[in-house]
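Please treat every number below as a calculation from the coordinates, not as lab data. Note that the coordinates shown come from a computational prediction; the quantities given were computed from them, not determined experimentally. Every residue, glycine as well, gets a Cβ built from its backbone with ideal geometry; the counts of neighbours run over all protein chains shown.
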Amino acid sequence: MKDIVPKEPFFSIVTVTKNAEHTIERCVESVYTQKFHDLEHIIIDGLSEDRTIDRIRCYLDSAGCRISHVISEKDAGIYQAMNKGLLLAKGKWVYYLNADDYLFDSNVLANIYSILVTETCDVLYGRLLCYDHTNGNASLHAPRKINIYRLMSGGLYQQAWTFRRDFTSKIGGFDEGLRICGDIDFLMRLVRADARVSVSAIILSVFRRGGASSDFSAVKSEHKLVERRYCSSLTRFGFKLWRNTIRFGVSIMRSLGQNVTD
């Protein structure tokens, strides 16, 4: 297994998990079946009490296994676990794939690679299929642009982007003091450090709704904290004024019976 994983892979896929016995196999399988093989898969488990680790071990002796590390121990939260994965990562590019989620198809990494070797960027932001397993509804997350104002508007997902690992020497890792919005905080720091961001039409993964990030009141509260860290009072005021004006205009158009596309 160790001989299969390259010493310096192009991609490091990091999966943070705890008590995910019902979803971890699909996550691992989506990495295992990738047609692009220059990768490693790092799994950081928060000392699961179910059969999560047993299900992961089923892949360790499989031909073509790309799992380079499996760590199962207590941690202080998801962002400490994500930092553990970041420290272990040897790849040029790092991508976080949660245990509840999975890569969209077997061509995802090959398609991303074809972009990254031709474009000059530090962050690639793609599309995401958001799936609600409770009712079967799905929606496409497809931002047109990533900048400080788009970050302030919220609704961004870590499963939709990958970043150049060496850029973390400039900005550090994830803030372990945050509970939900550490990925937005990290992306804010990337943008403010002048990371070059490319937006792609490639669907990277399927995101299953229902985790901690679905607690919208908690997300809203912590998101405001992150905004205050990186955006001036004037910037925040101007953004909210613009956003409220747009919302008012949309509501007027809808009241008049006009079709509005968000």
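Only Cα pairs under 8 Å and at least 6 apart count here; give the relative contact order of the chain as a rounded whole percent. Don't skip to the answer; put the middle values down first.
Working: 446 pairs, mean separation 53.6, N = 262.
Computed value for the chain: 20 percent relative contact order.
Which one, Tyr113, Tyr96, Tyr79, has the greatest fluctuation when you compute a Gaussian network model over the chain with C-alpha springs under 10 angstrom?
Of Tyr113, Tyr96, Tyr79, the Gaussian network model singles out Tyr113 as fluctuating most.
Tell me, what is the FRET efficiency for Arg165 and Ser251 to the nearest 0.05, using R0 = 41 angstrom and their Cβ-Cβ distance as r? If you can, show how the numbers build up before the last one.
Values: r = 44 Å, r/R0 = 1.07.
The pair Arg165/Ser251 has a calculated efficiency of 0.40.
Per-residue HN-Hα couplings for the stretch 42-59, Karplus 6.51 cos²θ - 1.76 cosθ + 1.60 at θ = phi - 60°, whole Hz, x for Gly and Pro?
10, 10, 10, 9, x, 6, 4, 9, 10, 9, 4, 5, 4, 6, 5, 4, 4, 8
Positive end of the dipole of the chain, charges at C-beta (+1 Lys, Arg; -1 Asp, Glu), about the Cα centre: which of Ile148, Gly177, Ile42 has its Cα farthest in that direction?
Result: Ile148, furthest along the dipole toward the positive end.
If you look for lysine pairs in the stretch 11-255 that are eight or more places apart or on different chains, how many of them have Cα atoms under 26 Å apart?
20
Where nothing but the Cβ of Lys and Arg (+1) and of Asp and Glu (-1) is charged, how large is the charge dipole of the chain around its Cα centre, in debye to the nearest 20? Don't skip to the end; give the middle numbers.
Details: 35 positive and 30 negative charges, 242 e Å.
Here the size comes out at about 1160 debye.
Considering only the chain, what is the antiparallel percent among its DSSP beta bridges, to the nearest 5? Please report the intermediate quantities before stating the final value.
Values: 12 of 36 bridges.
The answer is about 35 percent antiparallel.
Can you compute the charge dipole magnitude of the stretch 1-45 about its Cα centre, using +1 on each Lys and Arg Cβ and -1 on each Asp and Glu Cβ, nothing else charged? Give it in debye, rounded to the nearest 20. Spell out each step's value before the answer.
Numbers: 5 positive and 8 negative charges, 12 e Å.
It works out to roughly 60 debye.
Taking the convex hull of the Cα atoms, report for the stretch 11-255 its projected area averaged over all directions, in nm². Please report the intermediate quantities before stating the final value.
Numbers: hull surface 56.7 nm².
Spelled out: convex hull of the Cα atoms, projected over all directions, averaged, 14.2 nm².
Rounded to the nearest Å, what's the spacing between the alpha carbon centres of the stretch 4-66 and the stretch 173-204? Just the number, please.
23
Under the definition of Cα pairs under 8 Å and six or more residues apart, what whole-number percent is the relative contact order of the stretch 113-236?
On the way: 151 pairs, mean separation 46.3, N = 124.
For the stretch 113-236, the relative contact order is 37 percent.
For Val14, enumerate residues with amide H under 5 Å from its amide H, sequence gap 5+ or separate chain, H modeled in the peptide plane.
Ile42, Tyr95, Tyr96, Leu97
Mind telling me which of Thr15, Thr162, Thr120 comes out most flexible in a GNM of the chain, alpha-carbon contacts under 10 Å?
Comparing Thr15, Thr162, Thr120 in a Gaussian network model of the chain, the most mobile one is Thr120.
Please give every one of the aspartates and glutamates within straight-line cross-link reach of Lys7, meaning a C-alpha to C-alpha distance under 14 Å, and leave out same-chain neighbours fewer than 8 residues apart.
Here the aspartates and glutamates satisfying the reach criterion relative to Lys7 are Asp38, Glu40.
Binning every alpha carbon pair distance of the stretch 1-69 at 10 Å from zero, what are the percents per bin?
21, 56, 21, 1
Among the GluC sites (Glu not before Pro) within the stretch 5-71, which fall in a DSSP loop and have no more than 12 other Cβ atoms within 10 Å of their own Cβ? Don't jump to the answer; show the numbers that get you there.
Working: sites: Glu21, Glu25, Glu29, Glu40, Glu49; in loops: Glu21, Glu49.
Within the stretch 5-71, the qualifying GluC sites (Glu not before Pro) (loop, at most 12 other Cβ atoms within 10 Å) are Glu49.
Can you tell which of Val16, Val70, Val28 shows the greatest fluctuation in a Gaussian network model of the chain with Cα springs below 10 Å?
Largest GNM mean-square fluctuation: Val70.
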